[in-house]
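Every read-out reported here was derived from the displayed coordinates using simple, explicitly stated rules and does not represent laboratory data. For clarity, every value in this text was computed on a predicted model and none was experimentally measured. Note: ideal-geometry Cβ built from the backbone for every residue, glycine included; neighbour counts use all protein chains shown.
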Amino acid sequence: MIAHVYGVVAEKFNGSVIIDVQGVGYEIQVPAIDFESVLLESEHKFYTYHHVREQSDELFGFSSLAAKKLFELLISVQGVGPKAALSILSLGATEAVRNSIANADSGYIAKASGVGKKTADRVVVDLSDKVGLPSSFVHTGVAQSIAPTNDEALEALMALGYTLADGTAALEGVDVSLPTAERIREALKQ
């Protein structure tokens, strides 16, 4: 399995980028936000999902681990394949998509290309508890808040199997000025 690809953006076309890694080009399909933000000839790291089927072998890439984890949740929903999941993630920032699912906004999800109302409803029903807002957000009345997606400690906890909500809750009382490794240790103790 290819977990991530780091290299120079050699080409961009039709929602895909080609990353040159020491002379080998990897074609990676990315959400619209990532496609627009990467610049040709710049170095970039994509967390990847390697999708293998009988007749195809594709890489899907994401600038953040949180986006990759949400993609994996989306494709676990019946009727949502990698292309539809990528289309859903192309609607906006990862946290905006996650919040729309957590807040049962299937209308927002249905705006994605190739995703109908029934599929959007299924996504909301199947995933709302998995991407739900941490209790601290609900109790403080900040249901529409957006958690940081560039938090390395949160991404590490998610890589260990924590959901976004559980990872955020575990890091809630941990001092943000601590080094990432120490923040992770403290979160795991709780």
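What FRET efficiency comes out for Asn14 versus Asp166 if R0 is 30 angstrom and r is the Cβ-Cβ distance? Round to the nearest 0.05. Don't jump to the answer; show the numbers that get you there.
On the way: r = 37 Å, r/R0 = 1.22.
With a Förster radius of 30 Å, E is 0.25.
With a Förster radius of 30 Å, plug the Cβ-Cβ distance of Gln22 and Val52 into 1/(1 + (r/R0)^6) and report the FRET value to the nearest 0.05. Could the numbers behind the result be given before it?
On the way: r = 23 Å, r/R0 = 0.78.
For Gln22 and Val52, the calculated efficiency is 0.80.
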Once a ≥ b ≥ c are taken as the square roots of the eigenvalues of the Cα gyration tensor of the range 28-119, is the result rounded (a/c under 1.5), prolate (a/b larger than b/c) or oblate (a/b not larger than b/c)?
oblate
Among Arg53, Arg98, Arg122, whose mean-square fluctuation peaks in a Gaussian network model of the chain (Cα, cutoff 10 Å)?
Arg53
Under a point spin-label approximation (7 Å from Cα along Cα-to-Cβ), what is the Leu178-Ala93 distance to one decimal in nm?
2.6
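How much mean residue ellipticity at 222 nm does the chain get from its helices, if each DSSP H run of length 4 or more adds -39500 (n - 2.57) and you divide by all residues, to the nearest 500 deg cm²/dmol?
Numbers: 10 runs with 81 residues, N = 190.
It lands at -11500 deg cm²/dmol.
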For Rg/Rh (Cα atoms, Kirkwood Rh), one of [x] 1.04; [y] 0.98; [z] 1.18 was computed from the structure I shared and the rest are decoys. Which label?
[y]
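Quote the FRET efficiency, to the nearest 0.05, computed for Glu36 versus Ser113 with a Förster distance R0 of 22 Å and r equal to the Cβ-Cβ distance.
Working: r = 16 Å, r/R0 = 0.72.
E between Glu36 and Ser113, to the nearest 0.05, is 0.90.
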Between Gln22, Gln55, Gln78, which gets the highest mean-square fluctuation from a Gaussian network model of the chain, Cα cutoff 10 Å?
Gln55
